[in-house]
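Novice: Following this message is one structure expressed as C-alpha cells.
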Amino acid sequence: MFAQFSLAQSSKTYLVVFNDKTNSTFSIEKPKEFLSEKSIARRQKQGIVINSRDLPVNASYINDVKNIGVSVLNQSKWMNAVTVSTNDETKLKSIKKLSFVKSIILTADPSAIKINSDKFDQSKNTHAVRNNEETEKSVAAVLNYGPSFFQANQIGIDCMHDLGYMGQGMTVAVLDAGFFKADSLPAFDSLRMDNRLLGCRDFVTGDTMVYEDYPHGMNVLSCMAANLPGQLIGTAPKAKYWLIRTEDAFTETVQEEINWLVGAEFADSVGADVINSSLGYSKFDGGIGDHFYSDMDGNTTIISNAADWAASVGIFVTTSAGNSGGPPWFKITAPGDADSVLTIGAVDSAGVIAGFSSRGLTFDGRIKPNTCARGVQAVIAANGGGITTSGGTSFSSPITAGAVTCLWQANPSANIVQLINAIQLSATQAFAPDSIQGYGIPNFCKADSILSMILGVADLSSNENNMLFVYPNPFNTNFTIEYYAAQKETVTVELYDVTGRKVVSQNQVVFMNTKNTFTLSDISILSKGIYTLRLISSAKTYNSKIIKQ
C-alpha cells in the first residue's frame, strides 16, 4: 500500500495500531500467500523463522476503520497498523472505541508544518571538485576511481573490487528523499543499461515518480552505484538497486518514519539484501512527536523499531549517525540507535571525525556510531552532471553500505551479526571503541579475511565451478594449486595479505583439459595470517582464501 501524505494533504494523519492479527485469513504455514519468493529465500538462507509479524494486517480491521468514513493511506504488517487521514474528531473517537484498536498516534498536522529548504546540511558544503593534491595523485587500481579513490581506499573496498567483488547479484534498497535525474545522469548510465535499476516507489505521494524530486537520494545513490571512470566509482558499482522515497525533504513529521517503515516492508517484499538510510529523526515540525535523548535506546521510536524489524528478516541496514554532533542535540538520531543496524559517522580524508557527526553513546549505553567513513568533502554525483564534493553522514553511510554489499557477496553464508562483528573487528579502534568514532574506520578486505575465520575457510577454499583447488589449507611453508584449464594459456597468480597489499605475483603456463599442479615461489617467508589467492585467466578470475600457520 502506498502512503499518500504530502504538503498538499489538508487533513491530519494518525497511526492506528491494532491489538492483534486474530482470525487472519493467512497462515505462517503458507508463507507463499503473503511473502515473495525472494523474501522467503532470504529468510531460509539465514535460518530465520517466519512469524506473525510477517502476516498482513487483518483485512476486516482495515474495513471497519474505513467504514467509519476516514481515508486509509497505508498499512504496516510489522507494526500491525494503518495510517488514516481525517480532521473529524468524532470519527477519531469512533475509531478509538473499536475493540481491536490498541492506540492512536498523531503523525502529522499540516497546520504545524514548517517548510524547510535547508533540511539537509550537506547542501551548504557542496563545491565543485578542482585539481588539488588529492585529485592529482596517480592511482594503480583495476577501476579508474579518479578523486573518489580516496574514500574507497580509506575503508579498503578498492581491495575487494580488485578481487572481483563489486556487488554482482546483490540488491540494495535506498530509502531517501528523492532521486532527481537519476534516470538520465551519466553517473548511472551503466546502472540503467545493465537493467540493474529495478524500480522506484514513492511512499510520500503514493506513486512511482521519484526522478523529479529532491536530489539528496540521487547524491546518496552515487556513492554506491555511480560509474564515471576517472571521476567517481561507487562502492558497489555492479549491484542492483531499488529507489524508494520515504522522506519529504521540506518537512519533518513522524509520518516520514511511518513512510520509512512501509518502505522497508516493501524492500523486504522485493528481496532486498541491504538497505541504506541516510536519514535521521529527532525533532519535528510543531513539536508533534519530538524525540529526546532518552528515546535513543533502540526500542522507542517507530523508525528504530522498523530498522530492527528489517534486520530481523535478514536485511542488512546501514544508516547515517546524523549531522547533529554540535549543539543543541549532539547525539545520534533515530534509527541510528537501533541495535541491529550499522550506524556510520563521518570523518575527513585524514580520518579525523567531523564536527557535525552525531555522537553516542545510545541512552542505554551501547557503542554508536558503529564505524566511520568519508563524510567530509565526499565525492558524489552533481545535480547537473559530472561530480562535486559534499559533507554529511548522508554520504559516509552509503559509502559503507556499498562496501557491506560487496563483503556479503564475497561471503554469502554470513549472517548480519557475523558481518557486523567482522566489520567492527577490522576497524582502527577495534579494541578501544568510543562514543565518537565507535570502532573506527573499517578495512573491508581485512573484514573479508576475518569472516573467513568466522565461517571456516574449508568451505571457501575451492572454486564454485571446481576449477581451482588449494591445499593444504592452512599451510606451514607452501601449498599446492590445482587448476583445471579450459585452454592452453599463461595465467597470473597473485597473493594478497589482509590489508589488500599484493605480496606475490607469478605467471604460470597451463594446459587445456588437464590438472595443472604448481606452487608459488617465496611464500615460506610470509608472516602468519590470512591471505587471498587470485588466479587470473583470459576467461575468468578465481579467488580463494588461505591461512598460513
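The values are calculated or read from the model by the stated rules, or taken from the named source; none is laboratory data. Predicted model, so just to flag it, every value in this text is computed and none were measured. Using ideal geometry, Cβ is built from the backbone for each residue, glycine included, and neighbour counts are taken over all protein chains shown.
Novice: Could you list, ordered by first residue, the pairs with Cβ atoms under 6 Å in which the first is in segment 400-421 and closer than 12 Å to residue 314 by Cβ and the second is outside any loop (DSSP other than H, G, I, E, B), at least 6 apart or interchain?
Specialist: 414/451; 416/311; 416/316
Novice: Continuing with this model, one more query. Can you tell me which condition residue 412 does not meet? The list is (1) surrounded by fewer than 17 Cβ atoms within 10 Å (Cβ to Cβ); (2) closer than 23 Å to residue 217 by Cβ; (3) under 18 Å from the mean Cα position of the chain (by Cα), and all the others hold.
Specialist: Unmet condition: (2).
Novice: How many of the residues making up segment 59-82 are closer than 23 Å to residue 303 by Cα and in contact with a Phe, Trp or Tyr (Cβ under 7 Å, 6 or more places away or on another chain)?
Specialist: Result for segment 59-82: 5.
Novice: Select from segment 77-92 the residues that are in contact with a Ser or Thr (Cβ under 8 Å, 6 or more places away or on another chain) and of a type outside the set (A, V, I, L, M, F, W, C) and list them in ascending order.
Specialist: Correct list: 83, 85, 86, 87.
Novice: Where the second residue is β-branched (Val, Ile, Thr) and surrounded by fewer than 23 Cβ atoms within 10 Å (Cβ to Cβ) and the first is farther than 21 Å from residue 331 by Cα and lies in segment 266-294, which pairs have Cβ atoms under 7 Å and are six or more apart or on separate chains?
Specialist: 268/313; 271/171; 272/171; 273/171
Novice: A further question follows. Please verify whether segment 204-212 includes one or more residues that are surrounded by 18 or more Cβ atoms within 10 Å (Cβ to Cβ) and out of contact with any helix residue (DSSP H, G or I) (no Cβ under 9 Å at 6 or more places or on another chain).
Specialist: Within segment 204-212, one or more residues are surrounded by 18 or more Cβ atoms within 10 Å (Cβ to Cβ) and out of contact with any helix residue (DSSP H, G or I) (no Cβ under 9 Å at 6 or more places or on another chain).
Novice: Would you please name the residue that is modelled with the lowest pLDDT, looking only at residues in segment 280-303 that are aliphatic (A, V, I, L, M) and out of contact with any Ser or Thr (no Cβ under 6 Å at 6 or more places or on another chain)?
Specialist: Among them, the one singled out is 288.
Novice: Regarding residue 226, is this residue more than 27 Å from residue 206 (Cβ to Cβ), in the same structural domain as residue 388 (by TED's automatic domain parsing) and crowded, with 24+ Cβ neighbours inside 10 Å?
Specialist: Here the answer is yes, as residue 226 does meet what is asked.
Novice: Then there's this: Can you pull out the residues in segment 426-447 that are in contact with a Phe, Trp or Tyr (Cβ under 8 Å, 6 or more places away or on another chain) and in a helix (DSSP H, G or I)?
Specialist: 445 - this is the single residue of segment 426-447 that is in contact with a Phe, Trp or Tyr (Cβ under 8 Å, 6 or more places away or on another chain) and in a helix (DSSP H, G or I).
Novice: Let me ask something else about it. Please work out if residue 315 is surrounded by 24 or more Cβ atoms within 10 Å (Cβ to Cβ), aliphatic (A, V, I, L, M) and more than 16 Å from residue 179 (Cβ to Cβ).
Specialist: Against the criterion (surrounded by 24 or more Cβ atoms within 10 Å (Cβ to Cβ), aliphatic (A, V, I, L, M) and more than 16 Å from residue 179 (Cβ to Cβ)), residue 315 qualifies.
Novice: Let me ask something additional. Here is a list of conditions, (1) at pLDDT 85 or above; (2) in a loop (DSSP other than H, G, I, E, B); (3) not assigned by TED's automatic domain parsing to the domain that holds residue 161, and residue 465 meets all of them except one; can you say which number that is?
Specialist: (1)
Novice: Going by what's in this entry, would residue 277 be described as surrounded by 24 or more Cβ atoms within 10 Å (Cβ to Cβ), modelled with pLDDT of 95 or more, of a type in the set (Ser, Thr, Tyr) and in the same structural domain as residue 224 (by TED's automatic domain parsing)?
Specialist: yes
Novice: Quick check on my filter: what residues within segment 229-245 are crowded, with 24+ Cβ neighbours inside 10 Å and of a type in the set (Phe, Trp, Tyr)?
Specialist: Across segment 229-245, the qualifying residue is only 241.
Novice: Filter segment 342-375 down to the residues that are in contact (Cβ under 8 Å) with a residue 60 or more places away in the chain and of a type in the set (A, V, I, L, M) and list them by number.
Specialist: 342, 347, 353, 361, 367, 373
Novice: May I ask you to list the residues in segment 52-89 that are of a type in the set (D, E, K, R) and more than 25 Å from the chain's Cα centre (by Cα)?
Specialist: Across segment 52-89, the qualifying residues are 64, 66, 88, 89.
Novice: Still on this structure, please answer the following. Run down 311, 307, 334 and say which single residue is free of Cβ contacts under 8 Å to residues at least 60 places away in the same chain and small (Gly, Ala, Ser).
Specialist: On the way: 311 fails: free of Cβ contacts under 8 Å to residues at least 60 places away in the same chain; 334 fails: free of Cβ contacts under 8 Å to residues at least 60 places away in the same chain.
Sole residue among the options that is free of Cβ contacts under 8 Å to residues at least 60 places away in the same chain and small (Gly, Ala, Ser): 307.
Novice: Does residue 523 satisfy the criteria of being surrounded by 11 or more Cβ atoms within 10 Å (Cβ to Cβ), under 40 Å from the mean Cα position of the chain (by Cα) and part of a strand (DSSP E or B)?
Specialist: no
Novice: Another question, then. Looking only at residues in segment 263-274 that are part of a helix (DSSP H, G or I) and either touching a Leu at 6+ places or on another chain (Cβ under 7 Å) or not charged (D, E, K, R) (or both), which one is surrounded by the fewest Cβ atoms within 10 Å (Cβ to Cβ)?
Specialist: For segment 263-274, the residue satisfying everything is 269.
Novice: Pull up segment 17-36, narrow it to residues that are assigned to a helix (DSSP H, G or I) and without any contact (Cβ under 8 Å) to a residue 12 or more places away in the chain, then point me to the one that is surrounded by the most Cβ atoms within 10 Å (Cβ to Cβ).
Specialist: That would be 33.
Novice: Quick check on my filter: what residues within segment 409-418 are in a helix (DSSP H, G or I) and in contact with a helix residue (DSSP H, G or I) (Cβ under 6 Å, 6 or more places away or on another chain)?
Specialist: Within segment 409-418, 410, 416, 418 qualify.
Novice: Across segment 367-387, what is the total count of residues that are more than 17 Å from residue 404 (Cβ to Cβ) and either surrounded by fewer than 18 Cβ atoms within 10 Å (Cβ to Cβ) or among the β-branched types (Val, Ile, Thr) (or both)?
Specialist: The number of residues fulfilling the criteria is 9.
Novice: Please verify whether segment 37-56 includes one or more residues that are farther than 23 Å from residue 112 by Cα, touching a strand residue (DSSP E or B) at 6+ places or on another chain (Cβ under 6 Å) and surrounded by 18 or more Cβ atoms within 10 Å (Cβ to Cβ).
Specialist: Within segment 37-56 (the criterion being farther than 23 Å from residue 112 by Cα, touching a strand residue (DSSP E or B) at 6+ places or on another chain (Cβ under 6 Å) and surrounded by 18 or more Cβ atoms within 10 Å (Cβ to Cβ)), the answer is no, since none of the residues qualifies.
Novice: Can you name the condition, by its number, that residue 494 falls short on among (1) modelled with pLDDT of 85 or more; (2) of a type in the set (D, E, K, R); (3) surrounded by fewer than 14 Cβ atoms within 10 Å (Cβ to Cβ)?
Specialist: With respect to (1) modelled with pLDDT of 85 or more; (2) of a type in the set (D, E, K, R); (3) surrounded by fewer than 14 Cβ atoms within 10 Å (Cβ to Cβ), residue 494 is out only on (3).
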